[in-house]
Structure formats: C-alpha cells, structure tokens
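Let me begin by presenting the structure, written as structure tokens, before commenting on it.
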Amino acid sequence: MKKRMELPQKMRFKILILCLACTMTALLLQTWLFNRKSSTLIYNQAKKESFSLLRNMQDDLFTILKSMENNIIKVYNRQQLIRDLKAKGYGIYLCSNASVRLLTCYKKVLPTIDCFDGILFSAEVLCMKPQKEMYGHFFDRFGLKPEECYFIDDLQNNIEGAKACGMDGYCFADGDVGKLKETLYGSVLSLTK
C-alpha cells in the first residue's frame, strides 16, 4: 500500500488561497472578455464550479482545524507532566492557533485547564503562530519575558517563530512524553530553578 504524502499545513493553506484567487481571477476575466449572452453562460458555469471548489476548500479547512484541535487536546491531555510542572511552581500558559470554536468549549475538553496561568487563542488577536505578532501579544498579555519562557509545540515552524522572538522551545510532534520530560528536567528546568 502506498503511503500518501501529506503537505505541510501552511503550504495547504497557501494552495487553497491560490486556488481561490485563480478561480476569482478567471471569473472576472471571463465576464469582461465575452459579450453579455456568452458571459452569462460562462458565469453560471464558473459560479457552479467555484461553489463546488469553495465547498471542497471548506471541507479541507474544517479537516485541518479539527486536526489542530485534536492535536491540542492530545498535547494538553498529558496531564501528569503539566500537573508536575505546576506543582514545582512553573507558570503554565497556552498559546494556541485553535479555531474560534475552541474558545467556547476549551474548559470542557482540556482536563488540565485549572493548571494554566493564562490562555491566548489566535482568534482573539487576529494573528497566528509562527507570526512574531502572536508571540508579542502573548508576552504582553501575561507580562512574560521571552528569555524566561520555554515553548512546547507540535509544529517546528512555531518553535522557529518563538526562537526568533527570543523564546527557546521544543517540538513535541512525536508525542513522546518521556523524551519531553528528559529534555525539560535534564537541561532546561535544571538551569532555571
């Protein structure tokens, strides 16, 4: 069985936006180039195809957002590690690109929510990780200094964005809590307390 190649999420978004832009450009050119009778026929066909494309794009975006939400839930369900860090006196914060839907239900789906000292969803500030503005909002909202923070995320691009803002980090894409603990307790946290 052949393994399906997955495109990075950022690239999928760019492709989807490019497809939408091409469809809209083609629609405008067709309307302008042809006379009213033929353009009506072409317009109706393009409109039908555009709606179909938009429906497919909406389905793709929904799948991506659902996957992001599921990944967030998996990461933050690593309850014991989060509770251990909190018990040791570390500040625990959530900086998430989750959809607006998670804003309304995160208290129900994140069992360690009581451990978090602050939560920032990208939907609130209209930017996303790895944009430096997202990290700037995060630092400002909670009065944090980048050099005193350690960022854990499941996407390497977000870690690189954090590092560009002065905050070190760890990519938790493999979900290996043992390796994460080893990194945290073996080097990072031993330097801070």
Test result for Arg36, among the basic types (Lys, Arg), within 20 Å of Asp153 (Cβ to Cβ), at pLDDT below 80 and open to solvent by 70 Å² or more (accessible area, probe 1.4 Å)
no
So Lys181 ticks every box in (1) closer than 16 Å to Tyr93 by Cα; (2) in contact (Cβ under 8 Å) with a residue 60 or more places away in the chain but one. Which box is left unticked?
(1)
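The values are calculated or read from the model by the stated rules, or taken from the named source; none is laboratory data. None of these values were measured; they are calculated from a predicted model. So basically every Cβ, Gly included, is an ideal-geometry build from the backbone, and we count neighbours across all protein chains shown. In case anyone asks, the SASA skips ligands and DNA or RNA and just uses the protein heavy atoms, side chains included. Shrake-Rupley method; radii C 1.70, N 1.55, O 1.52, S 1.80 Å.
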